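S.K.: So that we are looking at the same thing, I have put the structure below in structure tokens.
The values are calculated or read from the model by the stated rules, or taken from the named source; none is laboratory data. Bear in mind the structure is a predicted one, so any value in this text is a computation, not a measurement. Heads up, the Cβs are rebuilt from the backbone with ideal geometry, glycines too, and the neighbour counts pull from every protein chain shown.
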Amino acid sequence: MRDTFLVTGALGCIGAWIARTLVEEGVPVVGYDVGSDRRRLELIMSPEQLVGVTLVRGDVTDLERLERVLDEHEATHVIHLAALLVPLARANPPLGAAINVVGATNVFEAVKRQRERVRGLAYASSAAVYDAVDVDATRAENALGHPVTLYGVHKQANEGTARVYWIEHGLPSIGLRPYVVYGPGRDQGMTAGPTLAMAAAAHGESYTIPWSSRCTFTLARDVARAFVDAARAAADGEGAPVYNIPGANVGMNEVVAAIEAAAPDAAGKIEFQDATLPFPKEFATGGFPMLVTPLADGVRETIELFRAHRGSY
């Protein structure tokens, strides 16, 4: 049986890059998303590539529909990304919990019911499972976090759900915790500021990034590759491990310097506020092997794509 990947939240930034990654491999992709806005896909994929993506309108809170779509498209691997990010989960806590917690549980349940065909499951957790004072996170990837956002609490619940589905049902999975994902398509969420600054620089505009924390930055293309690899690894794995995604651990001044190096005419136009994120400055990585594009190269690649698609971001 040939591989077919179902990706929930496929119209988001990471979802779009996963779709492109799989299409470039010649692997069929089914995008399951409650929305219909294709602009992120269209930003990073050619019309010829888009033909390889089947979009299905669906909500992860609807278990019956999710299971039916898995069956109809004969999915062999699932990557679960669909979620309300920090600001949206904060603005509507009941909806955030329904999508982020119930929705994730539905994904695990649907995969469990179709274990004979669905071989690999990967899902997105987040660095938000940690608080800024969780120093243990710098020493071990399995350190217990103390999230201070509802989104972080939801993601911690997802990790527990994965563990219980392994213990009670023998369903293996791999969770990945991105920190700051940047690159084309990253236009929403608490940490989208650096990418929005790159888009502004590409178009000769000014922008102020609303925070300044030292963080781990990873290019969206690299994160997508990691999720595809994780789904395949889970098919032959055991347990429910969760790994932190590595990247460039830098301060915001270094990010701005990279932007100015890629777009010299942006010098002095990109600023940042003296504000910190409620997450650790860095955390332990290395448990899941993946390639990481150097920050300077990733920023340059991002700005070049924005320049090539002026007006479409």
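S.K.: Please tell me if Val53 is farther than 20 Å from Leu171 by Cβ and within 19 Å of the chain's Cα centre (by Cα).
M.R.: yes
S.K.: Count, please, the residues in region 189-219 that happen to be closer than 21 Å to Ala308 by Cα and at pLDDT below 95.
M.R.: Qualifying residue count, region 189-219: 2.
S.K.: Between Ala104, Ala127, which is touching a Pro at 6+ places or on another chain (Cβ under 8 Å) and either closer than 25 Å to Phe283 by Cβ or surrounded by fewer than 24 Cβ atoms within 10 Å (Cβ to Cβ) (or both)?
M.R.: Answer to the check: Ala127.
S.K.: Among the residues of region 132-150, count how many are under 20 Å from Ala91 (Cα atoms) and not in a helix (DSSP H, G or I).
M.R.: 3
S.K.: Also, I was wondering about something else. Would you point out which residue out of Val153, Val164 is among the β-branched types (Val, Ile, Thr), loosely packed, with under 15 Cβ neighbours inside 10 Å and part of a helix (DSSP H, G or I)?
M.R.: Val164
S.K.: Just for region 1-35: of the residues that are β-branched (Val, Ile, Thr) and assigned to a loop (DSSP other than H, G, I, E, B), which one is farthest from Pro184 (Cα to Cα)?
M.R.: That would be Thr4.
S.K.: Continuing with the same structure: For region 99-118, indicate whether the set of residues that are out of contact with any strand residue (DSSP E or B) (no Cβ under 7 Å at 6 or more places or on another chain), free of Cβ contacts under 8 Å to residues at least 12 places away in the same chain and of a type in the set (A, V, I, L, M, F, W, C) is non-empty.
M.R.: no
S.K.: Say we look at region 84-126 and pick out the residues that are basic (Lys, Arg) and assigned to a helix (DSSP H, G or I); which of these is farthest from Gly237 (Cα to Cα)?
M.R.: Looking at the filtered set, the residue picked out is Arg90.
The rows are residues; the columns are (1) in contact (Cβ under 8 Å) with a residue 40 or more places away in the chain; (2) under 26 Å from Thr276 (Cβ atoms); (3) assigned by TED's automatic domain parsing to the domain that holds Arg39.
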| residue | (1), (2), (3) |
| --- | --- |
| Glu159 | yes, yes, yes |
| Ala162 | yes, no, yes |
| Trp166 | yes, no, yes |
| Asp187 | yes, yes, no |
| Ala192 | no, yes, no |
| Trp211 | yes, yes, no |
| Arg232 | yes, no, yes |
| Val255 | yes, yes, no |
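S.K.: Of all residues in region 172-200, which are over 20 Å from Ala248 (Cα atoms), hydrophobic (A, V, I, L, M, F, W, C) and buried (at least 24 other Cβ atoms within 10 Å of the Cβ)?
M.R.: Hit for region 172-200 is Ile174, nothing else.
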